Amino acid sequence: MLRIPIPKPKGEQRRTSDLLLDILTRDDAERLSIGELIDRLGDRAFGVLILLCALPNCIPGPPGLSTVTGLPIVVFSLQLLLGGDRPWLPDFLRRRDFSREDVLRMVRRAEPWIRKLERLSRPRFSLLVDGFAERFAGLMLFILSFILILPIPLGNLFPAIAIAVIAIALMEHDGVAVIVGYVWGVISILIALTAVIVVLAAIGELLSRVFG
């Protein structure tokens, strides 16, 4: 597979949004394979792929969307938890391709929001995002991805935002941002637990009235 080197500015880490837009717009080919995207993203592949899966859920979407986009996050976060340095996919999935235009359209819509976070985010307190800490981030993403795929009305928004913030923190090596993501993640977990408890209580009350 032909790999096109992407230059990095001296003395400064290239912003992930610029790298992703460059990958999506540099070639004339209408489609891009998942494997090619992973190879070009390098050590930021986990964060970018998780972010791309989380973004569609950061706004209310059609039923079932969170399940479709949440399952890949489950897979990628588990690999991150187990210490993988970049996402692994079987060859038949690496060969799967997608429309550059479709992904570019989604990224363009989210670009102002992503760039605002990138302006706030920068490499700092890397101890909180490297080594064992990166595995802990994988654990948190794994838990949040399961909440994301639960059929909770409007309950997918909060974990999706937490996942997106943690993904950006991993891409930018920002320990402060990852803590913000964790806090938002804990809030998301509490909201989901509350919603489940309320639903179960309502079901229990309904059953007691029907059969009581």
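Every number here is computed from the coordinates shown, using simple stated rules; none is lab data. Since we're looking at a predicted model, the values are computed, not measured. So basically every Cβ, Gly included, is an ideal-geometry build from the backbone, and we count neighbours across all protein chains shown.
List residues of region 21-56, by number, whose backbone nitrogen lies under 16 Å from a label position 7 Å along Cα→C-beta of Leu65.
Within reach of a label on Leu65: 51-56.
If you average 1/r over all unlike Cα pairs in region 73-126 and invert the result, what Kirkwood radius do you get in angstrom? It would help to have the intermediate numbers written out before the result.
Working: mean 1/r = 0.0703 Å⁻¹.
Final number for the Kirkwood radius of region 73-126 is 14.2 Å.
Over the chain, what relative contact order in percent results from Cα pairs under 8 Å that are six or more residues apart?
With pairs under 8 Å counted, the relative contact order is 25 percent.
Suppose the chain between Val176 and Leu193 were pulled fully straight at 0.36 nm per residue; how much longer would it get relative to their current alpha carbon spacing? Provide the component values of the computation, followed by the final result.
Numbers: separation 17, 0.36 × 17 = 6.12 nm, distance 2.60 nm.
That pair, Val176 and Leu193, stretches by 3.5 nm at full extension.
Leu93 to Arg14: FRET efficiency via 1/(1 + (r/R0)^6), r the Cβ-Cβ distance, R0 25 Å, to the nearest 0.05? Mind showing how you got there, number by number?
On the way: r = 27 Å, r/R0 = 1.08.
With a Förster radius of 25 Å, E is 0.40.
Just need the relative contact order of region 92-212 here, percent rounded to a whole number, with Cα pairs under 8 Å and 6+ apart. Show your work: numbers first, answer last.
Details: 100 pairs, mean separation 31.1, N = 121.
Relative contact order comes out at 26 percent.
May I ask for the net charge around Pro56, where only other residues with Cβ less than 12 Å from the Cβ of Pro56 are counted and Lys, Arg are +1 while Asp, Glu are -1? All intermediate terms of the calculation are to be shown ahead of the outcome.
Values: positive: Arg105, Arg109; negative: Asp102.
Residues close to Pro56 contribute a combined charge of +1.
What are the ³J(HN,Hα) couplings of region 73-81, residue after residue, when phi is run through the Karplus curve with 6.51, -1.76, 1.60 and θ = phi - 60°? Round to Hz, x for glycine and proline.
Karplus values, whole Hz, x for Gly and Pro: 5, 4, 5, 5, 5, 5, 5, 5, 4.
Per 5 Å bin, what is the whole-percent P(r) computed from every C-alpha pair distance within the chain?
With a bin width of 5 Å, the distribution comes to 1, 7, 14, 18, 19, 16, 10, 5, 3, 2, 2, 1, 0, 0, 0.
Give the dimensionless ratio obtained when the Cα radius of gyration of region 67-163 is divided by 2.2 N^0.38 Å. Walk me through the intermediate numbers first.
Numbers: Rg = 15.2 Å, N = 97, 2.2 N^0.38 = 12.5 Å.
Rg over 2.2 N^0.38 Å, computed on Cα atoms: 1.21.
Based on Cα positions only, what radius of gyration and what Dmax would you give for region 23-127, in angstroms?
Gyration radius and largest Cα-Cα distance of region 23-127: 14.5, 40 Å.
Once you've got the GNM for the chain with C-alpha springs shorter than 10 Å, pick whichever of Ala201, Ala169, Ala45 has the biggest mean-square fluctuation.
Its mean-square fluctuation being the largest, the pick is Ala201.
What's the ranking of 123-132, 89-98 by average number of surrounding C-beta atoms within 10 Å, highest first?
Details: 123-132: 14.2, 89-98: 12.2.
Top to bottom by mean Cβ count within 10 Å: 123-132, 89-98.
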